[in-house]
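Following: one structure in structure tokens, then a few remarks.
The values are calculated or read from the model by the stated rules, or taken from the named source; none is laboratory data. Just so we're clear, the structure is a prediction, and the values are computed from it rather than from any experiment. A quick note on method: Cβ atoms are made from the backbone with ideal geometry, for glycine too, and the neighbour counts reach across all protein chains shown. Just so you know, the surface numbers come from the protein's heavy atoms only, side chains and all, with ligands and any DNA or RNA stripped out. Shrake-Rupley method; radii C 1.70, N 1.55, O 1.52, S 1.80 Å.
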Amino acid sequence: MYNDKVMDHFSNPRNVGEIKDAAGVGEVGNAKCGDIMRIYLQVENDIITDVKFKTFGCGAAIATSSMVTEMVKGKTLDEALTISNQAVAEALGGLPPAKMHCSNLAADALHEAIKDYIAKKGK
Amino acid sequence: MKRIYFDHSATTPVDREVAELMLEYMTDKFGNASSVHAFGREARKAMEDAREKVAALINAEPREIFFTSGGTEGDNLAIKGVAYANRKKGNHIITTGIEHHAIFHTCEYLEKQGFTVTYLPVDENAMISLEDLKNAITDKTILISVMFANNEVGTIQPIKEIGQLAREKGIYFHTDAVQVAGNYPIDVKELNIDMLTLSGHKFYASKGVGALYIRRGVRVEEIQHGGGHERNMRAGTENVPGIVGLGKAAEIAKQDMDKKVAYVTGLRDKLIAGVMEKIPHVKLNGHPEMRMPGNANFSFLFIEGESLLLNLDMKGIAASSGSACTSGSLDPSHVLLAMGLSHEVAHGSLRVTLGKGNTEADVNYFLDVVPEIVERLRSMSPLYGS
Amino acid sequence: MKRIYFDHSATTPVDREVAELMLEYMTDKFGNASSVHAFGREARKAMEDAREKVAALINAEPREIFFTSGGTEGDNLAIKGVAYANRKKGNHIITTGIEHHAIFHTCEYLEKQGFTVTYLPVDENAMISLEDLKNAITDKTILISVMFANNEVGTIQPIKEIGQLAREKGIYFHTDAVQVAGNYPIDVKELNIDMLTLSGHKFYASKGVGALYIRRGVRVEEIQHGGGHERNMRAGTENVPGIVGLGKAAEIAKQDMDKKVAYVTGLRDKLIAGVMEKIPHVKLNGHPEMRMPGNANFSFLFIEGESLLLNLDMKGIAASSGSACTSGSLDPSHVLLAMGLSHEVAHGSLRVTLGKGNTEADVNYFLDVVPEIVERLRSMSPLYGS
Ligand SMILES: Cc1ncc(COP(=O)(O)O)c(C=O)c1O
Ligand SMILES: Cc1ncc(COP(=O)(O)O)c(C=O)c1O
Ligand code: FES
Ligand code: FES
């Protein structure tokens, strides 16, 4: 069902956890549809210095969460905003078609976290 | 790696004895049961022997057994067959909200054809109420179809009482016994059952073969047209090897059934007790007593079923889940939702179904590996500990 | 006693290699193809491999292959599926007067549902005429279903021309290729076929499994409701061992098909020549050239098919007949009657169908015993010599 790369990220997910007093937190999904993803960011000079996630969801949900954290570490916020759900799925070498819609939300969670950071900073 | 199969409600391995008999009827005694020559007569005789054995399994008469391609076809034939044949008497069907899709989608299809269907609710243990059933009956009701035991949570319905009520009211009673036949005693006469669906691959016969029991006198219209096989009830060259295997499996199932039921129940109870003891925040789904011997169904709060399954799989354990994500559909199991579980809790469900080939060592291994998997997934969950 | 099997159009023995593979997928790799765990993935992979092999046999795409329980189900699904899905476009179906009952009775059923069906006549060789077909088409025609080759007399229809005509008119073209697939080359693309039925037990796979090819884009409604198997086209737990066996049989069939066709044709021609030479008052039924490699169909005047069959059977030879007495119906074969044979001549028909396992010795034995049987029966017949 899942390719080796997805299974690798699923069984050894990178950057699991929370960041206390994170600069930005983003959450998407709801338990009704089966996915909840929460992403925590640490930001310095518009660069993402640390990122962690917590996810309730299927193999694809966990793998995409893990993948997106790897993709954004060290990137600028602008660069991070260009990452799409599609790009995450591609970085994983593809997902089963049935999983493309409901589990492929990690980039959305990332964007929410960035928005949260910008909103907090603006205050 | 150890491979442990805990998904007997999805399908069972074919008994070696059954498979070898099938092989013989494929390569050697391969005749078409409709042929008049020796090859054909040999095939027909074996098929009629099998019919006797399947009948004996549920205490029916051989002529009341009609072979099908499996449980789904049996359910389609029962529901559509009665609906079409009795349209003049009425257009109302009563079933439940927890049926298998083979019943559920067939009923939905009939609704588009002008039939009215009542879907009975169930309580938190997946039980229907006889009171609800009584109240649902109208003078247009031609069929009551209530599954014998549920495939997800294992709850066994009050079949005898339903049968009695249906008999009194002169309404046909069908039961989907796909999970039950061969795994738990059934007596269609004692239980007042008019029609019963069974499927080979749920009790150690092959996929692709099953049977529908139709009590003598029940009016059913065929749904697959062609040569007049199965006394015009089911056209299509009979799957002789499959049928012979079904007969053998029925014979084996009948031998020492009580012993096997007790054995599987014992293992299952040990597994349930172990899980409840070792893991916090777990809910057992389904009826505490009235449940199929092999069935255990848990909701592990705060985690999602597919990730749990994949982790178990990596440890060599095969199980299943009612999570939406497993099935690729948007909603989790309609059964768990009908029982009143919230979406989150339904998503975290795990079905473990044991069979006669499982051992105590299998259960112990499961109890060894599951707690740490659950703990790890919970530590990743945004719902846990926050 | 020697046992010679000359009834390959009724069913074929399963190749040992196929049967042994099936056994492996029953006892060992027994998973349900819908399960996410290792057992399930193993089953699904094998099933998808089989789909590729079946597709390759007829030059279709794997996604155009839908597994069924056999030829009868495939025919039902094709005809009803197109009829129900295209009801808004029209209600007219064209078929022939010599179809198998799986087509014929399905069409009769649809007539009761408000569809109109034209049954094309055939000539004395069981050939339809393209002219008749053209004339039968109306602006309400949604489907043309013409069998690839007839199961009784072996006549092969002008499939490519029918396909071309149907394509030009924008009408779906289905062909029942149950006798043909695996025994004779088929290229659905070259032949403009939109749908094609095949059945495992006619080409050395098991009974109880088959496939319907549905060209991408053809609108078909499912007829068996339940879980969304086969991309919602055919509900029911997939018969993995049967399907894996079908794939293997397709693979074997494709290897050296031309050689096998030539071999069987050679034996068959020898048999026909021998019968015509040794026995007077015999008629060869079916087209002299456009016929299936293994098919020989004779009418032995003045005698009746069942007695002939029984006598052959006593000599260890398995064949079949279009006599009414064989089938237990009142009329002899509708195919022979449609070809214009009188009742008497139809009653005396004998179908001998050869397969790849037959040898020249089988044919010689047949030619040794048949003349005296025919002579003996004729000597008892009031129609003979009077
Ligand atoms: C309760 C129930 N009914 C019907 C079916 C369908 O039977 P089959 O898999 O033989 O098509 C199943 C199993 O899938 C089942 O568990
Ligand atoms: C031409 C033809 N169509 C359909 C069928 C039915 O196929 P099955 O026997 O697989 O149901 C047969 C054989 O019985 C046949 O010869
Ligand atoms: S969490 Fe449901 S499909 Fe991924
Ligand atoms: S001659 Fe006896 S049934 Fe036809």
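Report the net charge of residues surrounding B:Asp75, where surrounding means a beta-carbon distance below 12 angstrom and charges are Lys +1, Arg +1, Asp -1, Glu -1. Result for the neighbourhood of B:Asp75: -2.
Relative to the longest principal axis of chain C, what angle (0 to 90°, nearest 10) does the C-alpha long axis of helix C:16-27 take? Rounded to the nearest ten degrees, it is 40. Each other copy places its own label point for C:His281 at 9.0 nm from this one, sorted shortest first, where the point lies 7 Å along the Cα-to-beta carbon line. In a simple Cβ point-charge model (Lys, Arg +1; Asp, Glu -1; nothing else charged), the stretch C:256-380 has a dipole of about 160 debye relative to its Cα centre.
Find the centroid of the Cα atoms in the stretch A:59-102 and in the stretch B:329-352, then give the distance between the two in whole Å. Rounded to whole Å, the Cα centres lie 27 Å apart. 3J(HN,Hα) couplings calculated from phi for the stretch B:291-297 with the Karplus curve 6.51 cos²θ - 1.76 cosθ + 1.60 (θ = phi - 60°) are, in sequence order, 9, 5, x, x, 8, 10, 9 Hz; Gly and Pro show x. Between the stretch B:73-108 and the stretch C:160-198, the C-alpha centres lie 35 angstrom from each other. With q set to 0.09 Å⁻¹, the log10 of I(q)/I(0) for the stretch A:4-122, from the Debye formula over equal scatterers at the Cα positions, is -0.20.
The spacing between the stretch A:1-52 and the stretch B:212-290, judged by their C-alpha centroids, is 44 Å. If you look at the Cα atoms of the stretch A:73-123, you get an Rg and a Dmax of 12.8, 42 Å. Bridgeable aspartates and glutamates around A:Lys32 (alpha carbons under 13 Å apart, same-chain partners fewer than 8 residues away excluded): B:Glu304, B:Asp331, B:Glu344. In a simple Cβ point-charge model (Lys, Arg +1; Asp, Glu -1; nothing else charged), chain C has a dipole of about 760 debye relative to its Cα centre.
Given a Förster distance of 25 angstrom, what is the FRET efficiency for B:Lys160 paired with B:Asp258, based on the Cβ-Cβ distance and rounded to 0.05? The formula returns an efficiency of 0.85 here. When chain C is turned onto chain B, the axis of that turn runs closest to one Cβ of chain C, and that residue with its distance in whole Å is C:Ser69, 2.
What is the angle, in °, between the Cα long axis of helix C:305-314 and the longest principal axis of the Cα atoms in chain C? Nearest 10 is fine, range 0 to 90. Orientation of helix C:305-314: about 90 degrees from the principal axis.
Pairwise alpha-carbon distances in the stretch A:21-89 exceed 13 Å for 64% of all pairs. Considering only B:Pro293, B:Pro371, B:Pro13, the mean-square fluctuation computed in a Gaussian network model of chain B, springs between alpha carbons under 10 angstrom, is largest for B:Pro371. Note on chain C: dipole from Cβ charges, positive end direction compared against C:Phe366, C:Ser321, C:Asn86; the farthest Cα belongs to C:Asn86. Taking 0.36 nm per residue of separation and subtracting the Cα-Cα distance, full extension of the segment from C:Leu383 to C:Glu360 would add 4.9 nm. How much net charge surrounds B:Lys356 when only the other residues with a Cβ under 11 Å from the Cβ of B:Lys356 are counted, with Lys and Arg +1 and Asp and Glu -1? Residues close to B:Lys356 contribute a combined charge of 0. Phi angles of the stretch C:239-254 translate, via the Karplus equation with coefficients 6.51, -1.76, 1.60 and θ = phi - 60°, into HN-Hα couplings of 7, 4, x, x, 5, 4, x, 4, x, 4, 4, 5, 5, 4, 4, 5 Hz per residue; Gly and Pro are given as x. Projected label points at A:Glu79 and C:Glu344, each 7 Å from Cα along the beta carbon direction, are separated by 9.7 nanometres.
Candidate cross-link partners of C:Lys283 among the lysines, defined by an alpha-carbon separation under 21 Å and a same-chain spacing of 8 or more, comprise C:Lys270. Compactness of chain B is given as radius of gyration and Dmax, 21.4, 75 Å, from Cα positions.
Using a Gaussian network model of chain C in which every pair of alpha carbons under 10 angstrom is joined by a spring, one finds that among C:Ala33, C:Ala177, C:Ala85 the greatest mean-square fluctuation is at C:Ala85.
With the charge dipole of the protein assembly as shown set up from +1 on Lys and Arg Cβ and -1 on Asp and Glu Cβ about the Cα centre, the Cα lying farthest toward the positive end among the listed residues C:Ile171, B:Asn125, C:Gln157 is that of B:Asn125.
Residue pairs exceeding 26 angstrom between C-alpha atoms, taken from B:Lys53/C:Lys80; A:Lys99/B:Lys356; B:Lys45/C:Lys202; A:Lys54/A:Lys121: B:Lys53/C:Lys80; A:Lys99/B:Lys356.
On association of chains C and B, roughly 4900 Å² of accessible area becomes buried (total for both chains; probe 1.4 Å). Rounded to the nearest 0.05, the FRET efficiency derived from the C-beta distance between C:Arg167 and C:Glu111 at R0 = 22 Å is 0.25. Here the convex hull built on the C-alpha positions of the stretch B:1-156 has a volume of 179 cubic angstrom per residue. For C:Glu372 and C:Ala273, a Förster radius of 25 Å and the Cβ-Cβ distance give a FRET efficiency of 0.85, rounded to the nearest 0.05.
Ordering B:His201, C:His101, A:His111 by accessible surface, largest first, gives C:His101, A:His111, B:His201; the 1.4 Å probe counts only protein heavy atoms, with every chain in place. Amide H contacts under 5 Å for B:Tyr204: B:Thr12, restricted to partners 5 or more places along the chain or on a different chain, H placed in the peptide plane at 1.01 Å from N. Rounded to the nearest 500, the 222 nm mean residue ellipticity of chain B from helices alone is -13000 deg cm²/dmol, with -39,500 (n - 2.57) taken per DSSP H run of at least 4 residues. If you bin all the Cα-Cα distances of the stretch C:96-219 at 5 Å, starting from zero, the percentages per bin are 2, 10, 21, 24, 23, 14, 5, 1, 0. Restricting the calculation to alpha carbons of the stretch C:179-248 gives Rg and Dmax of 13.1, 35 angstrom. Across the protein assembly as shown, the convex hull enclosing all Cα atoms gives 178 Å³ per residue. Along the axis of the charge dipole computed for the protein assembly as shown (Cβ charges of +1 for Lys and Arg, -1 for Asp and Glu, origin at the Cα centre), the listed residues B:Leu77, B:Ala273, C:Ser35 are led at the positive end by B:Leu77. Relative to the longest principal axis of the Cα atoms of chain B, the long axis of helix B:101-112 lies at roughly 60 degrees.
Projected onto their three principal axes, the Cα atoms of the stretch B:256-380 cover extents of 42, 30, 25 Å, largest first.
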